[in-house]
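What follows is one structure encoded as structure tokens, with my remarks underneath.
The values are calculated or read from the model by the stated rules, or taken from the named source; none is laboratory data. Model, not experiment: these values are computed from the prediction. Reconstructed Cβ throughout: ideal geometry from the backbone, glycine too, with neighbour counts over all protein chains shown.
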Amino acid sequence: MVLFSAWPFLSFLNTNQDDFYVYGWLIVTYGVTVIAINIALACLLLRFGNYLTVVSWLNSIGVGVILIFLYLPLSYLLSGLGFSLGSARLGIWLFCFLGTTLFVWRISRWEVVNTGLLAVAIVMLTIPVTGLTKFAITGAMQKSVEAPTPRPRNTSIVNSNVYWFVFDGYARQDVLFDYFGVDNAQFVRELELLKFDIAHEAFSNYASTKLSISTTVNMDYYLPTEVDLHPAHWTARLQGFNPVVEYFRQLGYNYVHAEPGGDNLKTRCGGLEDKCIRAASGGEFGVNEAEMGLLGLTPMFPILRRLFPKLISFDFTRLEDIIAQLDFVDPKPKFLFAHVFSPHPPRRFDSDCDYLETIDVDLGGDDYSKAVSSYVSDLTCLNPRIIQMIEKILDKDDTDPFIILQSDHGFRGARLRALVDEPTVPPADVPFANFSAIRLPEACAAEMGMDFTPVNTFRLVFSCIDGNRRHMLPNRHFRGHRGKLEEITFEE
């Protein structure tokens, strides 16, 4: 029973190794809790029942725990077989659950069955335990390559606030037109009128949120290509422990960190920030991505969503929330990092561009192909809010601030097809074609360039702030391949 009860949690951790350092402790806590409850139940049964009956019940409970967490794979299988109704899939799962647990209960009186179930449990645990052991050994062997943190000079030519907004998955202007038929020219013109420079030929260094943002705040290509990727490289950087924040601190800046919401734990506040901005909860119980991942494997999720749609919520931080919590009176300069989880799925706006009360919890993973219409709708609703946000910042901030609008990567969709014969960006390169626009203070003479990449963002900013002009790194781009990185070049 203990081994079977441990399997769903160990398997979940092994499948989500990239996020082990982010929410591993939470999954372990839930796993230990379930096991403790089952052990307590076993002790209770042993007190009031005979040995064979208790063994039968414990075996049934252990197998039942496995079946509860196998609901989602079974649901996907049934959907592929044509069972489109959720109630039908739930009914079939319930039939399988009751039938299997009853069968195990009846045959558990035989010693050979108990031995067989123990062997099955050990075999099932072999894969996640082996994977997690390799993960731990690999992490212990990793050596992070740090970018040198420059020391501040005695004088500063610019003492402006810095606002860095990362819009998840926002695609470049030509990609929006060639693949979605969206003309984003009006939005770009409004930015240019607000003195933004636009990198019309920008490509991100990675088609990955965690790799792109962590490299940006490292100001160098620190991720090795010859070894297995490991979250030890990026987890802490995403939460504020990085050279960019360190240097801003040396310059006397306050650090403000705005979480994306949706309880996305990758870029949550890490405790180093002077102020943490979080999303307001819209439901009775807010769940994070780890809890959502676990809950989504079980039949409890569709039941709760259908019977109590507002019981659990997956809330996202809005631009209005961020601006409302910024202190424009404090004379001390500030650096804001805001990871805005939009226009990345799920859908955030209705047809009138008002915020939805209930937001879907499907984040789309690495492929947004099924969410093209909501992606386009949300992007067009997001644009005017970005302009309003910029106007409020410029109205309230008299430091002639840096305002950086970037996306960590472009649109990721395996089944994306161009609407024109010769798109500017080939389909394979679309995930790298990111949006990038920067407003520099008038005192700064630096230039961004048309093909600007995120790794140079703060090399440019610090060149303006401390007057020590830094060279821009060459544009390099990497794609994950068999757990490692490989450098790629784009078609001309």
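Filtering the stretch 293-323 to residues that are crowded, with 17+ Cβ neighbours inside 10 Å, among the β-branched types (Val, Ile, Thr) and at pLDDT below 85 leaves only Ile312. Within the stretch 39-59, restricting attention to residues that are surrounded by fewer than 19 Cβ atoms within 10 Å (Cβ to Cβ) and among the polar types (S, T, N, Q), the residue that is nearest to Gln17 (Cα to Cα) is Thr53.
If you filter the stretch 118-148 down to residues that are surrounded by 14 or more Cβ atoms within 10 Å (Cβ to Cβ) and of a type in the set (Ser, Thr, Tyr), you find that the one that is modelled with the lowest pLDDT is Ser144. Tallying residues that are modelled with pLDDT of 90 or more and more than 17 Å from Phe435 (Cα to Cα) within the stretch 446-459 yields 1. Checking each residue in the stretch 79-117 for being surrounded by 11 or more Cβ atoms within 10 Å (Cβ to Cβ), hydrophobic (A, V, I, L, M, F, W, C) and over 29 Å from Ile303 (Cβ atoms) picks out Ile107, Trp110, Val113.
In the condition set (1) of a type outside the set (Gly, Ala, Ser); (2) modelled with pLDDT under 90; (3) assigned to a strand (DSSP E or B), Glu492 is compliant with all but (3). No other residue among Val244, Val227 is touching a residue at least 24 places away in the same chain (Cβ under 8 Å) and in a helix (DSSP H, G or I) apart from Val244.
Here Thr15 clears all of (1) out of contact with any helix residue (DSSP H, G or I) (no Cβ under 6 Å at 6 or more places or on another chain); (2) surrounded by fewer than 16 Cβ atoms within 10 Å (Cβ to Cβ); (3) farther than 20 Å from Thr126 by Cβ except the condition numbered (3). For the stretch 467-489, what are the residues that are among the charged types (D, E, K, R) and either in a loop (DSSP other than H, G, I, E, B) or touching a Lys or Arg at 6+ places or on another chain (Cβ under 8 Å) (or both)? Within the stretch 467-489, Arg469, Arg470, Arg476, Arg482, Glu486, Glu487 qualify.
From the residues in the stretch 211-258 that are among the aromatic types (Phe, Trp, Tyr) and either surrounded by fewer than 17 Cβ atoms within 10 Å (Cβ to Cβ) or within 20 Å of the chain's Cα centre (by Cα) (or both), which one is nearest to Val461 (Cα to Cα)? If we take residues in the stretch 211-258 being among the aromatic types (Phe, Trp, Tyr) and either surrounded by fewer than 17 Cβ atoms within 10 Å (Cβ to Cβ) or within 20 Å of the chain's Cα centre (by Cα) (or both), then Phe241 is nearest to Val461 (Cα to Cα).
When the stretch 419-473 is filtered for residues that are out of contact with any strand residue (DSSP E or B) (no Cβ under 6 Å at 6 or more places or on another chain), of a type in the set (Phe, Trp, Tyr) and closer than 27 Å to Arg249 by Cβ, the ones remaining, listed by number, are Phe458, Phe462.
Just checking, does the stretch 437-448 include any residue being part of a loop (DSSP other than H, G, I, E, B), in contact (Cβ under 8 Å) with a residue 40 or more places away in the chain and under 23 Å from Tyr221 (Cβ atoms)? Yes - at least one qualifying residue is present in the stretch 437-448.
Restricting attention to the stretch 76-109, the residues that are aromatic (Phe, Trp, Tyr) and at pLDDT below 85 add up to 2.
Filtered by the rule that a residue be farther than 25 Å from Leu74 by Cβ and part of a loop (DSSP other than H, G, I, E, B), the stretch 89-138 gives Arg109, Trp110. Does Ser342 count as modelled with pLDDT of 85 or more, among the hydroxyl-bearing types (Ser, Thr, Tyr), closer than 29 Å to Arg412 by Cα and not assigned by TED's automatic domain parsing to the domain that holds Asn16? So Ser342 passes the test.
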